[in-house]
1. From the list B:GLU421, B:GLU449, exactly one residue is acidic (Asp, Glu), within 21 Å of the chain's Cα centre (by Cα) and in the same structural domain as B:GLU341 (by TED's automatic domain parsing). Which is it?
2. State whether the residues of the stretch B:765-776 include one that is more than 9 Å from chain A (Cβ to nearest Cβ) and at pLDDT 75 or above.
3. Could you tell me which of the residues A:VAL71, A:VAL106, A:VAL89 is buried (at least 21 other Cβ atoms within 10 Å of the Cβ) and either over 24 Å from B:CYS875 (Cβ atoms) or among the polar types (S, T, N, Q) (or both)?
4. Look at the stretch A:235-271 and say how many of its residues are of a type in the set (S, T, N, Q) and in contact (Cβ under 8 Å) with a residue 24 or more places away in the chain.
5. Which residues, taken from the stretch A:120-157, are in contact (Cβ under 8 Å) with a residue 24 or more places away in the chain and part of a helix (DSSP H, G or I)?
6. Taking helices (runs of 4 or more DSSP H) that do not extend beyond the stretch A:1-95, which have at least 1 residues that are away from chain B (no Cβ under 12 Å) and within 17 Å of A:ILE280 (Cα to Cα)?
Amino acid sequence: MHKVVKTLVKERLVIVGGGMAGSKLAYELCRQQSERFHITLIGEEPQLGYNRIMLSSLLAEEVSSADMALVNLEEMVSSGATLISGDPVQGISVEKKSLTLLSGIVMSYDKLIIATGSRATMLPIDGTQASNVIGFRQWQDVNLMSAIKGSQPVSVIGGGLLGLEAAVGLAKRGHQVTVFHRSKWLLNRQLDTESARMLQRKLEAMGVHFRLGASPQTLLQNEKGLVSHVKLTDGEQIATKMVVMAAGITPEVALGKKAGLQVNRAILVDAQMKTSCQDIFALGECCEFDDQTFGLVAPIWTQINVLLAVLAGNHARFLIEPVPTKLKVSGVNLFSVGRIQPNQDDNCIVFNDVGSNHYRKLVVNDGLLVGAILYGNVADGSWYFQLIQNKTNVSDMLDLLVFGEAYCQSKVA
Amino acid sequence: MTTTVKTTCPYCGVGCGVNLSLPANPNEVVPPVSGDLDHPANFGRLCVKGSSLAQTIKSDDRLLSPQIDGQVATWARAIDTIADKISQVVKDHGPDAFAFYLSGQILTEDYYVANKLAKGFIGTANVDTNSRLCMASAVVGYKRAFGSDTVPCNYDDLERCDLLIMVGSNAAWTHPILFQRIVAAKQQRPSMKIVVIDPRATATCDIADLHLAIRPGSDAAIFSFLLQESARMGLVDDVFVTQHTNQFDATLQQAMESTPDVTTTAAFCGVDEHDLMTLSQWWASNDKAVTFYSQGVNQSSSGVDKCNAIINCHLATARLGKEGAGPFSITGQPNAMGGREVGGLANQLAAHMDFATPGALDLVQRFWQAPNMATQNGLKAVDLFQAIEAGKVKVLWIMSTNPMVSLPDTAQVRRALEKCELVIVSDCKAHTDTTAMADVLLPATGWSEKDGTVTNSERRISRQRGLLPAPGDAKHDWWAICEVAKAMGYGSAFDYQGVHEIFAEHAGLSAFENNGTRDFDIGHYRHITQAQYDGFTPTQWPVPEGKPEGTKRMFADGHFFTQDGRAQFVPINPSLPALKATQQWPFVLNTGRLRDQWHTMTRTGDAPSLAKHTAQPYVDIHPEDAQRLGIIDGALTRLSSPHGEVRLKANVTKSTPQGQIFVPIHWTQQFANAAVVSNLIPQTVDPLSGQPESKHGVVQVERIPLLQYALVVSSRPQSFSEALYWCVIPSDQGFRYEVVWPNGVNLARLKEAFSPLQEALCVERNHWLEYTNPMTGQLRLACLAGGRLDTVVYLSHQPEVVSADWLLSKLASSDALSELDRIALLVGLPANVEDKGNIVCSCYQIGSKQIEKAIASGSETVEALGAVLKCGTNCGSCIPELKHFIPKRMELSA
């Protein structure tokens, strides 16, 4: 029996994907486990390690590129990490434990982490292949949007969080933005009609136009192959200079699938973020755990912490917890968590201050808070979130619950 | 420079002296009044009602000019109208077709001229007064025993007695200053025994050594028993009884038959035998004993008998006319006594003379030079209103009282007033339940404007002094009466140059051919001048010529004002109230006053601070009765009797015994839609005194299901036509209502009902704040107009207690409403909410002010802020903004 001798040779840990999950993981590994791992971070975008969430702020010109950093890349390099950008991975050989980059580089790994994220979902309609139809996922998308000069008609397809952020950013840049949304109200998965109406009014005041209950049938292209009009199912045509697709995201799983990993909607992982293949992990928007995929940052940070522990040889388990929704539009405060469309045996407590655009709806079931929508004043959001998470019995404070923590606490006291 | 004048409080019968100051500038608010240190009734003390008098000096809803059939008229026309109509009905139907219905609120001089006009010049004795409802039984009780309506005691006796028996009196609330004097005396001499006899456990019981919670109306049996116990224990003063009284043996015999022993008596009264024996022992061992009695005794179908049962005990033991002893009737009103003194009751003639008093008619006729003397008793209050309904009385002049609220069986009173050909109402208020029934309204001066005298419960005459000018066309009541008399051709008899001349004439009549034959003699004042009248100091009558210091105590000499000079024992067979509870009407209803309201709230209703004690009318009900009926505290409850219905909120309390309920008397239709308790009371009266049994009704009590309870606070007056119940609560800042609707009110209906006027709507388009909670049934709505609070409505399926004070303060505030204020409007109170400022970190809801605070405490980097506040540690997108905060603070500190 050979005793395992501790060598100075570090394990090669490669992270595919330089988005928020990959970069943040790489950064934390550099700080915590750079003795043990040689870390390589590979991204397809020219930029690594930026805060993707701030793209809407960048688009709205509320922050500059200098504000975009999520992690300190220089610090990573000086701790010995290898950073590769603008060079997407083309394939993974599970047997050889190696991968090939677009530039032809082949590199081996001891541990591989897939963090390829997701891409904007393209609607299955004609015209989406045109070059002026873009998603709102990457820095490059912001650059494209910023490149349109003057006051132009722009279409955003999808009235979800991302679509609205894009729409506001574009409107702030002076464009005439129309949002096409299939549902009857905005953020239909996070808001009810009343709060959505307040939001819509607010965004309209910012210059965004809305077509609700409207689905584009075709994106009509001009002779240059650019989309010039959005054609609706009723035949109406609306001129446009650009189309931003914000009708959802699709996990980027091509690489994993090709490598033979088990993939459903996304790459399947266990509670330790392990894929079906030895030494390969996945996290972020490209992974699927317990039938769920992830689009918000909070669970992904948790995944990173789990993975950091697992890689350090410690025990850790990833658990899914409800996550509240917020919209990153400056001047708009909204908060939504849990079950906001009441079931038959749910009760809704509603506070509505139309004059100051302040709305609260709480969904209560059998003494427990199960969902909340706050619009306007969201200061109590995290408290409601805790009540939901902790399954706190709220029966004794039903008469004050909607007025927030301070009132309920003073009643307890 | 302020002018300060000594005057007298216009509330209860204690008659406290008040200092009223008037600012030099008439536009300034009258400062709060203070108690007159020199007045022997109160020595500077004032109760909360009296202390709030200045708040009632305001012009809200004053009647400012005469009105005929709802149209403003001149005094000249109003007086001609009245004089012509009286002359016509007297000519067509005789003098008894006219009647006065006066009040213990008016002054002695007002009373005097009214009585003189009616009984001497028009020729009718139909001069009755709301004092009929208050102490008529006490009057008859005294007259039966003493031959005169003489209160033998004074307030000192309350402090000097060793045993004080308080019967049918919640003096703690109704006569607070006397009560305070008693409390102080007991503190000084803890050996002093206080016994309270009352079916309810009232605030007065707080100082009682013994509380006998008797069966309603059984009071006389207690004193019948005490009389025969006095005999059994040898307490009877044989010398006094033999030399100065009649009828003792028969009376004792009756007592022994009615209340033969403690067991029988205790069973009749529903009290513990041991407690009854304690009373008996204390009666035996304390020679200095005062029995203090009030409406609980008087308002009874056997009220006179109760009074005489009490007086019998004092006569038998000679416990009267001495320091610390006597049967002491305490009157409810400020000048009920003054009314009695001039004879302003239908069964009196004048100056403590009756129609039956030998020679009295002739004497008074000669004194007045009266052309048309009435010759026999007129109609007492209840009979009077029945006669009006029967068409016998055709012109009624109501002065300073509110019979639509205070007389029993309001429906009958309404029918009578509707039937009456001419209803004249003199009042200082434009809107009362009674002014609503008037054909002619006469604007009267009010307290602080009126000039004259009043007499309190201890026979003490004091001046009420006018300090403020009469508003509008308001005139003194005596002036209005004299003008009508002149218009009817009696000018020479009513041509007074000032109110002191009326007082002088009144004094002259009291002394006229008196020579000690009549108790009421204030002959000392018969030539009083204006200056003397102005300098009048409070004095207890009799004040005969040559005795200017007045008289502290009566009957010290054993001489009474009967034909033979001897007091009369009256055999009493105790009886219970006329109506008994039945299966259909199972509850016994008791009524009474509250501490901080007065009568029908025409004055106290103007003082918002007085509404703080009890904001709304209510019905006291015992917890077990309430539970059986499914009534919870605060729930709207229907009380019905054969005569009518009221709807009140339940006050579940053990202070009222099972099977009995209690309702305060004060709320009129000006303050609540369905709270006039007289609706439930039958017109049962004492056959001798004519005093109604207002403290006894039999009623049914029901829970009213499926209701919505509301608090409404508004800057505008609101009306509630569809409400089962509404009550307006006085406020300086706006309008506060408590309302109960039947189920079915929703937000849309509320919005419709409480929308401000169209022009206000234009100020701010979006102005509704709403809160709905189906689990609690809460529905709340706030309406803002121009950024300021206009109206809030709180609705709930259960009675809720929400303090309206803060909401009212918001009505008055011109400060802009913050977001937290706006939430608070629907909560009803401000929360101790940390103002976070604008939210910077939306992941953890961290606001600008929290960040600034953390930076000030030393967290001067983004990481440090994240460590203490968590801001920026989730999505991180607020980090650029966080960075902006840090230099900001550095600049500030630099």
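The values are calculated or read from the model by the stated rules, or taken from the named source; none is laboratory data. Since we're looking at a predicted model, the values are computed, not measured. No Cβ is skipped: glycine too gets one built from the backbone with ideal geometry, and neighbour counts run over all protein chains shown.
1. Details: B:GLU421 fails: within 21 Å of the chain's Cα centre (by Cα).
Checking each option against the conditions leaves just B:GLU449.
2. Looking through the stretch B:765-776, none of the residues is more than 9 Å from chain A (Cβ to nearest Cβ) and at pLDDT 75 or above.
3. On the way: A:VAL71 fails: either over 24 Å from B:CYS875 (Cβ atoms) or among the polar types (S, T, N, Q) (or both); A:VAL106 fails: buried (at least 21 other Cβ atoms within 10 Å of the Cβ).
Every option except A:VAL89 fails the conditions.
4. Of all residues in the stretch A:235-271, those of a type in the set (S, T, N, Q) come to A:237, A:240, A:250, A:262, A:264.
Add one more test, that the residue is in contact (Cβ under 8 Å) with a residue 24 or more places away in the chain, and what stays is A:240, A:250, A:264.
Total satisfying the criteria: 3.
5. Matches in the stretch A:120-157: A:TRP139, A:GLN140, A:ASP141, A:VAL142, A:LEU144, A:MET145, A:SER146.
6. Counting at least 1 such residues, we get A:20-33.
Residues checked against (1) surrounded by fewer than 21 Cβ atoms within 10 Å (Cβ to Cβ); (2) outside any loop (DSSP other than H, G, I, E, B); (3) in contact with a Phe, Trp or Tyr (Cβ under 6 Å, 6 or more places away or on another chain):
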residue	(1), (2), (3)
B:VAL663	no, yes, no
B:TRP667	no, no, no
B:SER689	no, no, no
B:LYS695	no, no, no
B:VAL701	no, yes, yes
B:PRO705	yes, no, no
B:ARG716	yes, no, no
B:SER719	yes, no, no
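Condition check ((1) modelled with pLDDT of 95 or more; (2) touching a strand residue (DSSP E or B) at 6+ places or on another chain (Cβ under 9 Å); (3) part of a strand (DSSP E or B)) across all residues:
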site: B:LEU20; (1), (2), (3): no, yes, yes
site: B:PRO26; (1), (2), (3): no, no, no
site: B:PRO31; (1), (2), (3): no, yes, no
site: B:LYS58; (1), (2), (3): no, no, no
site: B:LYS91; (1), (2), (3): yes, no, no
